[in-house]
Amino acid sequence: MALAFVPVLTFNNMSGLEWIVEAHGCNPTALTDQRSLEALFGALISQLDLHPLGKTKWHQFPHTGGITGVSLLSESHIACHTFPEYASLCLNIFCCRPRAGADFESLLKQYLGAAHVSVRELDRPYQS
């Protein structure tokens, strides 16, 4: 039995893209409301043309009401952590291929009432 040769596709300079977002001055009530965060994730998924692999996993912490959410995507993931006691949210989105970003500031103001949004965009190269 002869072995078949299967070519390996390689892409030079392939990299992913990661956004690290902090939102401050948010509405503390919205930060404890899973429905608000689900709507935010939905808007991000739509604007970035992402593809969830299943339902988002949510956990609400009993003492502060803060919420952690993680959505696995065919492109990688979205994760958030809310801190209602500080009126803030930390958001991370990783995509396996570069793409245009979302209007993070407008979305976070719309869904969480954020007063200030900081966005860091990182190139994540796959080769050294």
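Structure summary
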quantity: Matching option when the condition is hydrophobic (A, V, I, L, M, F, W, C), more than 17 Å from K109 (Cβ to Cβ) and touching a residue at least 12 places away in the same chain (Cβ under 8 Å), among L48, L44; calculated: L48
quantity: Close pairs from region 16-32: first in contact (Cβ under 8 Å) with a residue 40 or more places away in the chain, partner aliphatic (A, V, I, L, M) and exposed (fewer than 15 other Cβ atoms within 10 Å of the Cβ), Cβ under 8 Å, at least 6 apart; calculated: L17/L122; E18/L122; W19/L122; I20/L122; H24/A115; G25/A115; C26/A115
quantity: Test for H24: is it modelled with pLDDT of 95 or more, surrounded by 15 or more Cβ atoms within 10 Å (Cβ to Cβ) and under 12 Å from the mean Cα position of the chain (by Cα); calculated: no
quantity: Selection count, region 84-98, where residues are open to solvent by 70 Å² or more (accessible area, probe 1.4 Å) and closer than 20 Å to A43 by Cα; calculated: 2
quantity: Qualifying residues in region 52-83 (those that are within 12 Å of the chain's Cα centre (by Cα), open to solvent by 20 Å² or more (accessible area, probe 1.4 Å) and at pLDDT 95 or above) - the one nearest to E18 (Cα to Cα); calculated: H77
quantity: Identity of the residue in region 88-107, in contact with a Leu (Cβ under 7 Å, 6 or more places away or on another chain) and outside any strand (DSSP E or B), that ends up farthest from R35 (Cα to Cα); calculated: P98
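The values are calculated or read from the model by the stated rules, or taken from the named source; none is laboratory data. Values in this document were obtained by computation on a predicted structure and should not be read as measured data. Positions of Cβ are generated from backbone atoms using ideal geometry, with glycine treated the same way; all protein chains shown enter the neighbour counts. Heads up: the accessible areas ignore ligands, DNA and RNA and are worked out on the full protein's heavy atoms, side chains in. Shrake-Rupley method; radii C 1.70, N 1.55, O 1.52, S 1.80 Å.
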